[in-house]
Amino acid sequence: MTFRHKHILGTEQLSRDDIELILDTADSFKEINAREIKKVPTLRGKTIINLFYEASTRTRTSFEIAGKRLSADTVNITASSSSVVKGETLEDTAKNIEAMKPDIIVMRHAASGAPHYLAERLDCSVINAGDGAHEHPSQALLDLLTIREKKGRLEGLTVAIVGDITHSRVARSNLYAMKKMGMTVRLVGPGTMMPPGIERLGAEVYTDMREALRDADVVMMLRIQLERQGKTMLPTLREYARFYGLNLENLKLAKPDAIVLHPGPMNRGVEISSYVADGAQSVILDQVENGVAIRMALLYLVAGGESKEA
Ligand code: CP
């Protein structure tokens with residue numbers, strides 16, 4: 001099957017076949033990551049620029065490692081050390097970077113739609129590494145790879161996604177992707193953190209975490225994003241932890257073999273207890289490992305696909 005996308009802007013634009021191709025390609029790249037010499041010449045001669053306007057540990061590092069393992073030349077630009085601090089606009093920055101002839105720009109930005117804005121204006125491919133509260137497609141894809149690996153399938157599984165749904169680009173990208181893969185998606189959080197009308201995207205909406213956890217195959221905890229929300233949405237962190245924190249006790253409501261995911265960074269003791277985060281059901285570090293393979297697959301498919309469309 002041919003991958004027809006020039007850009008990866010969100011899982012909303014990906015079909016079930018696209019997602020399966022990405023997951024299968026990532027699976028094949030996992031073998032390279034287990035080798036002693038973790039490098040293949042696949043993207044030799046390609047230039048990838050990681051343009052990050054927001055902080056990142058996992059996404060930026062794994063896109064850089066992914067590019068290097070495929071032999072691309074990778075360059076990192078962070079807003080704080082670039083001419084953005086001198087007032088340069090996003091479009092000017094991007095046009096100047098494009099003049100240096102990169103093949104792919106991987107971009108994280110606080111504004112929803114920023115990667116789409118660039119994709120319309122630049123000739124090179126753009127991969128969204130997180131745009132505001134909109135989408136984080138590579139995170140959702142690495143989550144799916146991890147779930148498929150641990151459960152052997154995606155179709156028919158029930159996942160409970162818990163936390164600040166309104167501000168979560170991870171929840172939105174997962175919802176689009178999981179519905180396409182035939183999963184039941186339960187979203188749970190305080191009413192103040194639940195976007196109105198999200199049911200229209202196929203989600204089941206809960207405010208009671210215990211109900212949402214019941215017999216779930218997968219539990220995905222979200223980080224409380226204090227940087228994106230007004231403080232009024234959350235009375236106290238202690239109260240939030242009491243009603244929406246995952247601990248060994250309420251995890252028992254899910255299936256006995258349920259797995260626990262978290263995109264990171266975690267607020268230990270708030271949305272997840274350390275006993276769960278470091279416990280036998282946690283696959284959080286498997287997610288990070290799979291992040292490299294997924295990003296290798298995305299770079300490879302975007303750089304190598306024939307007959308591309310956005
Ligand atoms: N999950 C995630 O996006 O982590 P980073 O912010 O560290 O990239």
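For this structure, a couple of remarks:
- For the range 31-127, the per residue solvent-accessible surface stands at 50 Å², with DNA, RNA and ligands left out and a 1.4 Å probe.
- Rg/Rh ratio calculated on Cα atoms of the range 74-150 (Kirkwood radius): 1.03
- Kyte-Doolittle at least 0.0, axis length at least 18 Å by Cα - qualifying DSSP helices, the chain: 284-304
- Cα centroid separation - the range 42-86 against the range 150-205, whole Å: 29 Å
- For the range 91-216: Kirkwood Rh in Å [reciprocal of mean 1/r, alpha carbons]: 16.0 Å
- Evaluating kT/(6 pi eta Rh) at 10 °C and 1.306 mPa s, with the Kirkwood radius of the range 143-216 over Cα pairs in the Stokes-Einstein relation, gives 128 µm² s⁻¹.
- The average projected area of the range 240-310, computed from the convex hull of its Cα atoms over all directions, is 7.0 nm².
- The chain: most fluctuating residue of Ile284, Ile97, Ile272 per GNM, C-alpha cutoff 10 Å: Ile97
- Where trypsin sites (Lys or Arg not before Pro) fall in DSSP loop in the range 56-124, at most 11 other Cβ within 10 Å: none
- When the Gaussian network model of the chain links Cα atoms closer than 10 Å, the mean-square fluctuations of Ile198, Ile48, Ile259 top out at Ile198.
- Among Leu70, His167, Asn96 - extreme Cα towards positive end, dipole of the range 25-177, charges at beta-carbon: Leu70
- Excluding exposed DSSP-loop GluC sites (Glu not before Pro) (at most 11 other C-beta within 10 Å), longest clean stretch of the chain: 37-154
- Length gained on full extension, Asp278 to Lys179: 32.8 nm, using 0.36 nm per residue less the C-alpha separation.
- All-pairs alpha carbon distance profile, the range 134-279, 10 Å steps from 0, percent: 12, 47, 36, 5, 0
- A simple spin-label model places the labels of Arg121 and Lys95 0.7 nm from each other, with each point 7 Å out along Cα-to-Cβ.
- Phi-derived couplings, Karplus 6.51 cos²θ - 1.76 cosθ + 1.60 at θ = phi - 60°, listed residue by residue for the range 101-106: 6, x, 8, 9, 10, 9 Hz, with x used for Gly and Pro.
- Gain on full stretching of the segment that runs from Glu155 to Lys38 - 0.36 nm per residue minus C-alpha separation: 38.9 nm
- 4 °C / 1.567 mPa s Stokes-Einstein diffusion coefficient of the range 7-159, Kirkwood radius on C-alpha pairs, µm²/s: 78 µm²/s
- The range 1-80 shape via C-alpha gyration tensor axes, a/c threshold 1.5: oblate
- Top of Met221, Met107, Met266 by mean-square fluctuation, Gaussian network on the chain, Cα under 10 Å: Met266
- Globularity index of the chain is 0.98 (Cα radius of gyration / 2.2 N^0.38 Å, N = number of residues).
- For the chain, the carbon plus sulfur part of the accessible surface works out to 50%, probe radius 1.4 Å.
- Based on DSSP H segments of at least four residues, each scored -39500 (n - 2.57), the chain has a per-residue ellipticity at 222 nm of -11000 deg cm²/dmol.
- Loop-located trypsin sites (Lys or Arg not before Pro) in the range 236-269 (DSSP state not H, G, I, E or B) with no more than 11 neighbouring Cβ atoms inside 10 Å: Lys252.
- Using every pair of separate Cα atoms, the Kirkwood estimate puts the hydrodynamic radius of the range 159-198 at 10.2 angstrom.
The values are calculated or read from the model by the stated rules, or taken from the named source; none is laboratory data. All values derive from a computational prediction rather than experimental measurement. Cβ atoms come from the backbone with ideal geometry, glycine included; neighbour counts cover every protein chain shown. We work out accessible area using only protein heavy atoms, side chains counted, and drop any ligands, DNA or RNA first. Shrake-Rupley method; radii C 1.70, N 1.55, O 1.52, S 1.80 Å.
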